[in-house]
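Trainee: Structure in structure tokens, see below.
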Amino acid sequence: MIEQPSLTRRGLRVIGISLRRAPKPFAYGVGGALLFAGMTVLSAVVLGRVTDRVITPALEDGLDVGDDLWIAFAVIVAVGLFKGAGVVGRRLGAYVAQYKLQSDHRRVITRRYLELPTEWHRRHSTGELMSNANADVEAAFFVAAPLPMSIAATALLGITAVLLVVADPLLAAIGFVVGPTMAAVNAYFARRMRLAASQAQQSRADVSEIAHESFDAALVIKTMGREDAEAARFGAESERLRDRMVRFATVRARFDPIMEALPNLAILAVLYVGAVRVQAGALTPGDLVQFAYLFRLVALPIRVFGWLLGELPRAIVGWERIERVLDATGRTEYGSRTSDGQGGVPVAVDGVTYRHPAQRLPDSETADDELAALLGAEGDAPAVHVQPHERAPRLDADGEEVDETRGVRDVHFDVEPGRTIAVVGPTGSGKSTVAQLLVRLVDPQEGQVRVDDVDLRELERATLAGTAAIVFQDAFVFDDSVRGNVTLGLDVDDDAVWESLRLAGAEGFVASLPDGLDTRVGERGASLSGGQRQRVALARALVRHPRLLVLDDATSAVDPAVEAEILANLRGAALPSTVVIVAYRNGSIALADEVVFVDRGEVVAHGTHERLRAEVPAYEALVSAYETPADEAAEVRR
């Protein structure tokens, strides 16, 4: 196992990050904690003086201490009020800092998600990304709550240590033994809590991922009768999370009582020895009361440190999981080139090679085995049930490992401005990869994709978004109105929205909706059919008048008659766009001026539809399969 920095160094780093990123709330919190600490020390001195000058004379000699009693009462109340103000300031500052840090880092992580390239997102599950932005952020900054008091406790510990030595060096020496003991206990438990916390955080992500999949696939689960199986899958992962949380609680349950008991045991020892010394005349009762109270003050910061140390392993795990996102490589960098051109753009795909990254599966077995080795012999830790899985190839440290079976290799073709080409090929041939390269959802590992003779990587973000638009086969629709889904914040009038809906073949069904453009379509467009969602997504692209329009099988969910209507609309509109269509239906291919035939990630042929049918047997077999009866089509494919 790779040696990592010590827990102390990593913990101090997390604390330093917290302090630097929320300085004002922490300043208020530490100020309140220092006020509380000062008033607490002062209250010990006050109690000692009141014992010797008011309580002992009244009990032993029966003296009238009426005026002194009222003065003592007033002083104690004043100290208590200031102490209360310190508590308010300490807690307010601490919790404001904690919630600010959590809020800020949720936004930072979300912005980082938007910056990272598509390849990175494909290597991480949705559940893991949700956990990074929620559970991991919360865990990382739980440490903010005890932090102000811990800082003030350092000052409190120093002051009280001096007062204890001045009051009675022997009793102080007895009490100070607790410090090294607690340090040893913390060192023993810290590693175990870190491992247990790491496992629990990973399981949170796994449970979130299964829940997300189940919600998204609700219709599939119901129609396939998989409710029980899905519930069992979720239940198994939930039980795994339960076991890991119980294991973490088991470790914590051993740690907390020991850290709580050690100061109390030291106080008992001090009181016993102190009582003996009072009887011997070495101390007065007031001295012993003051000393016991002062030592209780020593116990308070030690307990605070115990609280801080108890939260620190989980904070380290949370922060390191967040940091993996913030430090992820592969940021999509944009250039500074702009374009003022109008109409379709010339497109050149020159020697482009792109291989999809290998998929990464979660790997928590190492942590399971390590923690089992630490705790398994103790006999009372619940078992963690690990379901083995076959690992996919992993990326190396530079993220260079790729899946050689998926992608495209040395692709060349050009598209003249305003022309339409169809990218055709069998399933898995690389058609969708070509579509993604054309709009820079991914960048080629070799070669260039150019528009207006400019590499896409040199365009600024706004220019790229205004130049190219893509419509996917799997159309995503937001839980918004039809208008909101088409415009997505673009400032256009309703006439432009209706025109784009007309071209997309969606005008009729949108007009029949209860509120027309204002009709809300539900989560993921639940109230629309698959074909209707595709047409809304197509209208979303058309309303922007892109100079390059890429249709990735964007009419696959509509029937041939509707597809023919859409294609006729696009042809008749004389779109000022260069159009690239990823297609398999003859109706879509017929819209194209030329065809690029790809197979196994390479361009096999390039020409008109009629020429390819006549000269390329594989192309003829593929497109004719959709013109023959099902049994003949199956024979052709074989």
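The values are calculated or read from the model by the stated rules, or taken from the named source; none is laboratory data. Owing to the predicted nature of the structure, the values given are computational and were not obtained by experimental measurement. Methodologically, a virtual Cβ is constructed for each residue, glycine included, from the backbone with ideal geometry; neighbour enumeration extends over all protein chains shown.
Trainee: Can you tell me which of Gly425, Gly407, Gly430 is at pLDDT 85 or above and in contact with a Lys or Arg (Cβ under 6 Å, 6 or more places away or on another chain)?
Mentor: Working: Gly407 fails: at pLDDT 85 or above; Gly430 fails: in contact with a Lys or Arg (Cβ under 6 Å, 6 or more places away or on another chain).
After applying the criteria, what remains is Gly425.
Trainee: Oh, and also: Scan region 500-540 residue by residue and report those that are in contact with a Gly (Cβ under 6 Å, 6 or more places away or on another chain) and of a type in the set (S, T, N, Q).
Mentor: Let us first name the residues in region 500-540 that are in contact with a Gly (Cβ under 6 Å, 6 or more places away or on another chain), namely 533, 535.
Within region 500-540, no residue meets the criteria.
Trainee: Then there is this: Kindly indicate the residue of region 1-25 that is surrounded by 17 or more Cβ atoms within 10 Å (Cβ to Cβ) and of a type in the set (Gly, Ala, Ser) and also modelled with the lowest pLDDT among those meeting that condition.
Mentor: Restricting to residues being surrounded by 17 or more Cβ atoms within 10 Å (Cβ to Cβ) and of a type in the set (Gly, Ala, Ser), the top hit is Gly11.
Trainee: Out of Gly516, Gly522, which single residue is over 30 Å from Pro417 (Cα atoms) and either touching a residue at least 40 places away in the same chain (Cβ under 8 Å) or under 30 Å from the mean Cα position of the chain (by Cα) (or both)? Before you say what the answer is, go through the steps one by one.
Mentor: Numbers: Gly516 fails: either touching a residue at least 40 places away in the same chain (Cβ under 8 Å) or under 30 Å from the mean Cα position of the chain (by Cα) (or both).
One residue alone meets the criteria, Gly522.
Every residue, every condition in (1) aliphatic (A, V, I, L, M); (2) within 27 Å of the chain's Cα centre (by Cα), yes or no:
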| site | (1), (2) |
| --- | --- |
| Gln473 | no, no |
| Asp480 | no, yes |
| Val486 | yes, no |
| Leu490 | yes, no |
| Asp494 | no, no |
| Leu503 | yes, no |
| Ala511 | yes, no |
